[in-house]
Amino acid sequence: MDNRPIGLLDSGVGGLTVARELLRQLPNEEIVYIGDTRRAPYGPRSREQIIAFTWDMVNFLLSKNVKMIVMACNTATAMTLEIVKEELDIPVIGVILPGASSAIQKTKTNKIGVIATQASIRSDEYHKTIARKSSAIEVLSLACPKFVSIVESNEMESEIAKRVVSESLAPLVGKIDTLILGCTHYPLLRSLIQETMGKEVRLIDSGAEAVRDISVLLNYFEINAHERKEYQHCFYTTAGVNSFREIAEKWLNIGHLHIEHAEIENFNKEK
Ligand code: I24
Ligand code: DGL
């Protein structure tokens, strides 16, 4: 048993989709969440920047005495998981392997699609991860850079969103039976994506899949938390607390969250 919190990191608020799933599936666990909202989105950024920014978040979480780190961001996972994992002596889990494994399980035609940010697609990490597990599978990868801005401008229901989603996904329609939503924001466009791809295509939410793996890992290392009377989940944002609060409280359906601003630039764990 281990009552230390689980650390989650994300480029901004998108990782709250993973946090919500974690709180639902693992209610005894306490979380510390850091979202680098000031420097988000990471999707259009360079590999070097994403690595440096992710290290800032990792070091920040280590200073909070977390028992494991969840990279709740596909872009950070694609660029940094292997590098960070190698340096830490606590478990580090990303969202790519869980999403990839689930898609492999579900495909019947051996044709899997992946949609994600530019940086994630450029890294080719989903494709490589799937190929390592099964060389029989064909992977069609597609960057959908406009999807994040649609969600962040709260236009999910608009006609523009409908058009952008259907135009963007056109290259995949009819070519795959399973589609990985390889970005934290895409589950919010799920119904539009499903409509465009057709109802026979299975959509995989990498974040939700990752939480099942977190549970397995907690069991394996015997580091589950006890049930307690009170939980003090902590959320940190590198930008304003108010806009973060609005989204987090609505999304998690919890009031009065503990949210603080954090300066993490060049965050040093020795501090
Ligand atoms: N969803 C996201 N980001 C935003 C947003 C949103 N604004 C409305 N909704 N803004 O991501 C990002 C920029 N901000 C973030 C806070 O700090 C300053 C900069 C997806 C979030 C997924 C949990 C739509 C919206 C909402 C509430 C819940 C969910 C949601 F308003 F998608
Ligand atoms: N969180 C990012 C991801 O899952 C999406 C937002 C961004 O580009 O920062 O890839």
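The values are calculated or read from the model by the stated rules, or taken from the named source; none is laboratory data. All values reported here derive from a predicted model rather than from experimental measurement. Every residue, glycine among them, receives a Cβ derived from its backbone with ideal geometry; neighbour counts consider all protein chains shown.
The number of residues in the stretch 59-78 that are within 12 Å of ligand 2 (Cβ to nearest atom) and part of a helix (DSSP H, G or I) comes to 5.
Within the stretch 55-73, identify whether any single residue is of a type in the set (S, T, N, Q) and within 16 Å of ligand 1 (Cβ to nearest atom), and answer yes or no. Within the stretch 55-73, none of the residues are of a type in the set (S, T, N, Q) and within 16 Å of ligand 1 (Cβ to nearest atom).
The C-beta contact set for the stretch 229-253 (first residue away from ligand 2 (no atom under 16 Å from the Cβ), second residue of a type in the set (K, R), distance under 7 angstrom, 6+ apart or interchain) comprises L252/R20. For the stretch 35-58, the set of residues classified as among the hydrophobic types (A, V, I, L, M, F, W, C), out of contact with any helix residue (DSSP H, G or I) (no Cβ under 7 Å at 6 or more places or on another chain) and more than 11 Å from ligand 2 (Cβ to nearest atom) consists of A52, W55, M57, listed by residue number.
When each of S141, S158, S134 is tested for being more than 18 Å from A40 (Cβ to Cβ), modelled with pLDDT of 95 or more and within 21 Å of the chain's Cα centre (by Cα), the lone residue that passes is S141.
Only a single item in (1) within 16 Å of ligand 2 (Cβ to nearest atom); (2) touching a Gly at 6+ places or on another chain (Cβ under 9 Å); (3) not in a loop (DSSP other than H, G, I, E, B) is not met by V32, and it is number (1). Evaluate the stretch 233-245: report whether one residue or more is of a type in the set (D, E, K, R) and surrounded by fewer than 15 Cβ atoms within 10 Å (Cβ to Cβ). No, because not a single residue in the stretch 233-245 is of a type in the set (D, E, K, R) and surrounded by fewer than 15 Cβ atoms within 10 Å (Cβ to Cβ).
The condition of being within 20 Å of V151 (Cβ to Cβ), modelled with pLDDT of 95 or more and away from ligand 1 (no atom under 16 Å from the Cβ) holds for only one of I6, I50, that being I50.
The condition (being surrounded by fewer than 15 Cβ atoms within 10 Å (Cβ to Cβ) and on the phi < 0 side of the Ramachandran plot) is satisfied by just one residue among A116, A170: A170. Among the residues of the stretch 169-206, the one identified as within 13 Å of ligand 2 (Cβ to nearest atom) and either at pLDDT below 95 or charged (D, E, K, R) (or both) is D205.
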